[in-house]
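All remarks here apply to the structure that follows.
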Amino acid sequence: MTITPNSGQPLAQTEIRGTGFAPNERVALSFDAGHMDMGAEADEHGKFFAKRHVPFDALPGAHRVEALGQESGLRARTIFVMRTDWPQYRENDQGTGNKDFENLVTPATVGGLAPVWTAPTSCCYVAPVVAGGVVYLSTYSAMTALDARSGGLLWSTAPGDVVDLRPTVADGRVFAGHVHVYAFDTASGHLLWDHPPPADGIFAGSSLVWRGEVLVPGTSFVAALDEETGRTIWSLGTGYTDQLVLDDGIIYFRAVGLQNAWIDAVDARSGKLLWQSQEIGANWSVGPIVTDHAVFALGGSAVFAFDKRHGGILWTTPLLSPGHIAEAHGLLYASASDQLVALKADDGTIAWTIPADQYADWALPAVAGGVLYARTTADGMSAYDAQTGTFLWTSNLGVGVGISAPVIVDGYLYFAADDYLLHAYALPDTT
């Protein structure tokens with residue numbers, strides 16, 4: 001009996017195959033002796049095939065998947081490993097900074113988070129990613145892999161130039177671009193390829209991987225590279241950008257010129273410019289975010305919502321010195337100079353606000369399991385109920401968190417701080 005894939009997150013679709021059962025008998029399938037399913041049937045050779053989704057409430061770790069022949073009484077078992085990776089900057093291609101499938105740390109349990117390990121970094125702006133039980137982070141001069149539960153060093157590779165602080169993991173590789181774009185093997189850290197900067201600028205931010213392409217921003221362009229070789233597929237001149245988001249084969253990004261900024265929409269396959277928004281005011285925040293219906297971005301003094309089809313403005317909401325943004329379940333979370341604001345995504349009205357210190361405009365919010373994480377005080381990371389803004393927890397670290405993006409995976413919270421350490425917090429029963 002096999003299950004494919006044999007690891008993934010809740011609601012992942014799997015294919016289950018088994019042999020050796022009685023011809024044409026019903027086969028019951030179970031997940032951890034629960035979630036009984038009578039829907040499989042063996043063929044005349046005693047083989048069965050079924051597609052099933054992993055239960056939504058499955059917790060991180062190994063789970064037993066069992067098949068029971070209803071006439072023969074024959075049993076077969078295999079293992080599915082549930083994990084909720086955070087494989088790229090802001091978690092997903094859309095840049096929302098939200099993970100729905102975190103079911104260990106919730107508003108009811110987040111108060112139990114406690115420090116479990118630290119690891120040195122070279123900068124407080126580090127944005128780690130987590131995949132397959134491994135934390136990948138850049139230390140500027142090297143790409144480093146750590147055991148996600150213990151923080152133990154697995155490998156570290158220095159390619160010879162600056163490594164961007166926001167890596168991406170996909171297809172057994174770690175990609176990072178800053179000046180150069182590098183591809184590393186996830187298992188060994190071996191440098192697979194190195195794409196040097198073009199003549200008209202340098203690579204400058206987090207990448208996306210899409211259908212064999214590595215999509216990378218730059219100081220005056222965006223480009224698509226071949227995932228296997230690093231060869232340039234296309235390049236498009238634009239303003240400075242350091243983050244791309246992607247939906248339905250279209251790349252959206254905020255481009256910054258000498259005096260202003262705007263949003264571009266580009267076909268990911270061809271590199272053709274599809275539309276360009278009106279100017280929104282210069283702002284050095286990350287973004288934008290794309291959802292089913294809109295593109296959201298922070299301008300010089302407001303939050304903007306654009307129609308993703310043509311770039312027309314849907315609404316704007318004034319915000320003093322906006323910094324960074326996240327989205328979950330119809331709410332936008334925007335950091336500003338003096339507050340963290342939740343806005344309704346459909347019309348931009350303010351749902352609630354959280355007063356914050358003078359450094360809040362640098363805060364990078366993230367959401368997981370109904371909990372909003374953001375730095376709103378000078379002494380560490382805080383957590384709030386993502387729907388109501390109710391305060392739930394703070395790390396009381398005693399040092400600032402800078403603009404590190406919090407990452408939440410399988411009951412662990414990771415963030416970098418101004419003490420140049422990556423901090424890992426976890427619930428007591430997950431370590």
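Kindly check whether there is at least one residue in region 100-107 that is among the aromatic types (Phe, Trp, Tyr), in contact (Cβ under 8 Å) with a residue 12 or more places away in the chain, under 17 Å from Ala426 (Cα atoms) and not in a strand (DSSP E or B). There is at least one residue in region 100-107 that is among the aromatic types (Phe, Trp, Tyr), in contact (Cβ under 8 Å) with a residue 12 or more places away in the chain, under 17 Å from Ala426 (Cα atoms) and not in a strand (DSSP E or B).
Only a single item in (1) at pLDDT 90 or above; (2) at positive phi; (3) polar (S, T, N, Q) is not met by Thr291, and it is number (2). Taken over region 69-88, residues that are surrounded by fewer than 16 Cβ atoms within 10 Å (Cβ to Cβ) and not in a strand (DSSP E or B) amount to 3. If you check Gly97, Gly112 for being buried (at least 21 other Cβ atoms within 10 Å of the Cβ), over 30 Å from Glu66 (Cα atoms), touching a strand residue (DSSP E or B) at 6+ places or on another chain (Cβ under 9 Å) and of a type outside the set (Asp, Glu), only one passes: Gly97.
Selection of region 286-322 for residues being of a type in the set (Ser, Thr, Tyr) and closer than 17 Å to Ala342 by Cβ yields Thr291, Thr316, Thr317. A single entry from Glu91, Glu44, Glu66 fulfils the requirement of being assigned to a loop (DSSP other than H, G, I, E, B), of a type in the set (D, E, K, R) and over 30 Å from Val174 (Cα atoms): Glu44.
The set of residues in region 189-236 that are more than 12 Å from His178 (Cα to Cα) and either in contact with a His (Cβ under 7 Å, 6 or more places away or on another chain) or outside the structural domain of Leu165 (by TED's automatic domain parsing) (or both) comprises Leu225, Gly230.
Pairing each residue of region 264-281 that is free of Cβ contacts under 8 Å to residues at least 60 places away in the same chain with any residue that is not in a strand (DSSP E or B) and not small (Gly, Ala, Ser), provided the two are 6+ apart or on different chains, yields C-beta distances under 7 Å for Asp264/Thr238; Val266/Lys272; Trp275/His310; Glu279/Asn260; Gly281/Asn260.
The condition (being surrounded by 17 or more Cβ atoms within 10 Å (Cβ to Cβ), touching a residue at least 40 places away in the same chain (Cβ under 8 Å) and in contact with an Asp or Glu (Cβ under 7 Å, 6 or more places away or on another chain)) is satisfied by just one residue among Ala148, Ala170, Ala127, Ala131: Ala131.
Assigned to a loop (DSSP other than H, G, I, E, B), small (Gly, Ala, Ser), surrounded by 15 or more Cβ atoms within 10 Å (Cβ to Cβ) and not assigned by TED's automatic domain parsing to the domain that holds Ser206: does that describe Ala22? Answer is yes for this residue. Just one of the listed residues (Asp379, Asp385, Asp347, Asp307) is assigned by TED's automatic domain parsing to the domain that holds Gln276, at pLDDT below 95, among the acidic types (Asp, Glu) and in contact with a strand residue (DSSP E or B) (Cβ under 8 Å, 6 or more places away or on another chain), namely Asp379. So is Ala50 surrounded by 14 or more Cβ atoms within 10 Å (Cβ to Cβ), hydrophobic (A, V, I, L, M, F, W, C) and touching a Leu at 6+ places or on another chain (Cβ under 6 Å) or not? No; evaluated as a whole, the condition is false for this residue.
Once region 396-408 is narrowed to residues that are buried (at least 24 other Cβ atoms within 10 Å of the Cβ) and at pLDDT below 95, the residue that is farthest from Met82 (Cα to Cα) is Val401. For Val163, the test of being under 22 Å from the mean Cα position of the chain (by Cα), under 26 Å from Gly8 (Cα atoms) and outside any strand (DSSP E or B) is failed. The sole residue among Ser122, Ser156, Ser150, Ser188 that is assigned to a loop (DSSP other than H, G, I, E, B), in contact with a Ser or Thr (Cβ under 8 Å, 6 or more places away or on another chain) and polar (S, T, N, Q) is Ser122. Taking first residues from region 351-368 that are surrounded by fewer than 19 Cβ atoms within 10 Å (Cβ to Cβ) and partners that are modelled with pLDDT of 70 or more and not in a loop (DSSP other than H, G, I, E, B), the Cβ contacts under 6 Å between residues at least 6 apart in sequence or on separate chains come to Ala351/Ala342; Ala351/Lys344; Trp352/Ala342; Thr353/Gln339; Thr353/Val341; Pro355/Gln339; Asp357/Thr377.
The values are calculated or read from the model by the stated rules, or taken from the named source; none is laboratory data. Keep in mind that this is a model prediction, so the values were computed, not measured. Don't worry about glycine lacking a Cβ; one is built from the backbone with ideal geometry, like all the others, and counts go over all protein chains shown.
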